[in-house]
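A.B. asks: Before I ask anything, here is the structure I am working with.
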Amino acid sequence: MNKPLALLGGTPLCQQSWPQWPQSSATTRRHLDAVLDSHRWSISGQYRGEPSWEERFGKAFAQYTGAGHCVPASTGTASLTMALEACGVGAHDEVIVPGVSWVASASAVLGINAIPVLVDVDPHTGCLDPARVEQALSPRTRAITVVHLGSAVAELEQLCRIASDRGIPLIEDCAQAHGARYAGRHVGTFGAAGTFSMQHSKLLTSGEGGAVITDDASLARRLAHLRADGRILAETAPSIDEMELVETAELMGSNYCLSEFHAAILIAQLELLDQQLAVRRTNAHRLDALLRSLGFFPQETSAGTTARAHYTYVVRLPEDLLERAPIARLGAALGAELGLPCKTMYASLNRNRLYQPASRPRFDLGREFADAVRPERYALPAAEAFSAATLALPHRMLLADAQAIEQVAAAFEKVAANAHQLCD
Ligand SMILES: Cc1ncc(COP(=O)(O)O)c(C=O)c1O
């Protein structure tokens, strides 16, 4: 199978066009028109006689996840910030953060002047390792955050037990896991709160957006204040043209409101979610088997996972292949064969170039703080090994047909067989 790689001018193995992302429906457009015509584009606009789209999305997403409450927010980062603050985390508190994630998992903690304590991950799932969490806890630990990474669900049973034994909140960052389930329950409902991102690349998206779910009514009330400058929606509808947000002065907040446009899009997109998840699951299952037979290692998930959601399709490459060519070149070669971006995984947070606490003067909070947030002080061997050996493929690939999925496996095989071409 000695063939010139597409990256080096050879013929790409795959000629087809892939499904695009995001995808919308006629309902999405109808909802957007309805917002335009409503003359209320934000929950901070005057009441027009109808429940806001934001409130309606909150109810719909709570119902979808099985949570008691949902407070929508402007982004996933805002959602994490709100969840941490609603749980009472603040300046100089320590928060456990998994060693492999998007930078926001750590920067949101830093954003409330708390200390992200980077903790190592399970080598097979890339998610927080409960044994390492136990070792990292200190009297100053005020919360544990866990990320369901790529297509994996973290080891929730053990993490819930650790959090409850210590009496500290577990916050599930479900930015990458809309629709995933553990022990039959939707992720985000296991800890004190679950946070979501609805940014462009996510499985449920409105371009930008977020939400926090919780079963705790008083936490939900604090979340609602935190997202609307210390105001909450009135319990009974006001007169037309009055403000629906009322000032309680219970808790100072910020403006993290989801706009009406975003909320209206999300309600329409939520109708598509389960069907898209099911297609991805079937294709991922097929691809897992094909890649395993070729010697690759598709990402694993915790034993308690009952439904995966594929945000990225993550694959660990075999060592002998990694010895033959740099992983970034292997990803680029695979991408050129497929006509899809095939990226290396996020660098572990102790080595991630986007995670630089010292670059922001606002975190200049004294020598002790500066030392505590220094990323390099954390040893994360499993996270580093995971990041160095895995590629992440976009979830729109998994919306293609079965034949296309076979081509993905064939592209892996072609790149592996011709990796020597990438060494120059
Ligand atoms: C795990 C995780 N947490 C948080 C975020 C932040 O979400 P947002 O970009 O909506 O602020 C992301 C975004 O990619 C993410 O993947």
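Values quoted throughout were computed directly from the atomic coordinates according to the rules given, and no laboratory measurement underlies them. Remember, predicted model here, so these are calculated numbers, not experimental data. As a convention, Cβ positions derive from the backbone with ideal geometry for all residues, glycine included, and neighbour counts pool all protein chains shown.
A.B. asks: Between residue 215 and residue 33, 0.36 nm times their residue separation minus their Cα-Cα distance comes to what?
C.D. replies: Working: separation 182, 0.36 × 182 = 65.52 nm, distance 3.32 nm.
This chain segment gains 62.2 nm when fully extended.
A.B. asks: Could I ask something else about it? Taking the DSSP beta bridges in the chain as the whole, what percent of them are antiparallel, to the nearest 5? Numbers along the way, then the final one.
C.D. replies: Working: 28 of 43 bridges.
Once the DSSP bridges in the chain are tallied, antiparallel ones form about 65 percent.
A.B. asks: Hey, what does the equivalent ellipsoid look like for segment 26-271, semi-axes from the Cα gyration tensor as sqrt of 5 times each eigenvalue, largest first, whole Å? Kindly include the intermediate steps, with their values, before the conclusion.
C.D. replies: Details: eigenvalues 199, 77, 39 Å².
Ellipsoid semi-axes (Å, largest first): 32, 20, 14.
A.B. asks: Enumerate the calculated ³J(HN,Hα) couplings along segment 382-388 in order (Karplus 6.51 cos²θ - 1.76 cosθ + 1.60, θ = phi - 60°), each rounded to whole Hz, writing x wherever the residue is Gly or Pro.
C.D. replies: Result, ordered by residue: 5, 5, 5, 5, 4, 5, 6 Hz.
A.B. asks: Of the residues 188, 366, 99, which exhibits the maximal mean-square fluctuation in a Gaussian network model of the chain defined by a 10 Å Cα contact cut-off?
C.D. replies: 366
A.B. asks: Would segment 278-386 count as rounded, prolate or oblate if I go by the C-alpha gyration tensor, calling it rounded below 1.5 in a/c and otherwise prolate when a/b exceeds b/c, oblate otherwise?
C.D. replies: Details: a/c = 2.39, a/b = 1.86, b/c = 1.29.
Because a/c hits 1.5 or more and a/b exceeds b/c, segment 278-386 counts as prolate.
A.B. asks: Would you please state the base-10 log of I(q)/I(0) at q = 0.11 1/Å for segment 7-119, with intensities from the Debye formula using one equal scatterer on every alpha carbon?
C.D. replies: Each listed q maps to, in turn, -0.65.
A.B. asks: Also: Rounded, prolate or oblate: which one fits segment 47-184, using the alpha carbon gyration tensor with axes a ≥ b ≥ c (rounded when a/c is under 1.5, else prolate when a/b beats b/c, else oblate)?
C.D. replies: Prolate, since a/c reaches 1.5 and a/b exceeds b/c.
A.B. asks: Among 253, 237, 10, whose Cα lies farthest out toward the positive end of the dipole of the chain, if unit charges sit on the beta carbon of Lys, Arg (+1) and Asp, Glu (-1)?
C.D. replies: 10
A.B. asks: Shifting gears a bit: For residue 24 and residue 303 in the same chain, what is the full-extension length gain: residue separation times 0.36 nm, less their Cα-Cα distance, in nm?
C.D. replies: Fully extending the segment from residue 24 to residue 303 adds 97.1 nm.
A.B. asks: Let me ask another. What is the chain by shape, rounded, prolate or oblate, if you read a ≥ b ≥ c off the alpha carbon gyration tensor as root eigenvalues and call it rounded for a/c under 1.5, prolate for a/b larger than b/c, and oblate otherwise? Kindly include the intermediate steps, with their values, before the conclusion.
C.D. replies: Numbers: a/c = 2.07, a/b = 1.36, b/c = 1.53.
Oblate shape, in that a/c is at least 1.5 and b/c is the bigger or equal ratio.
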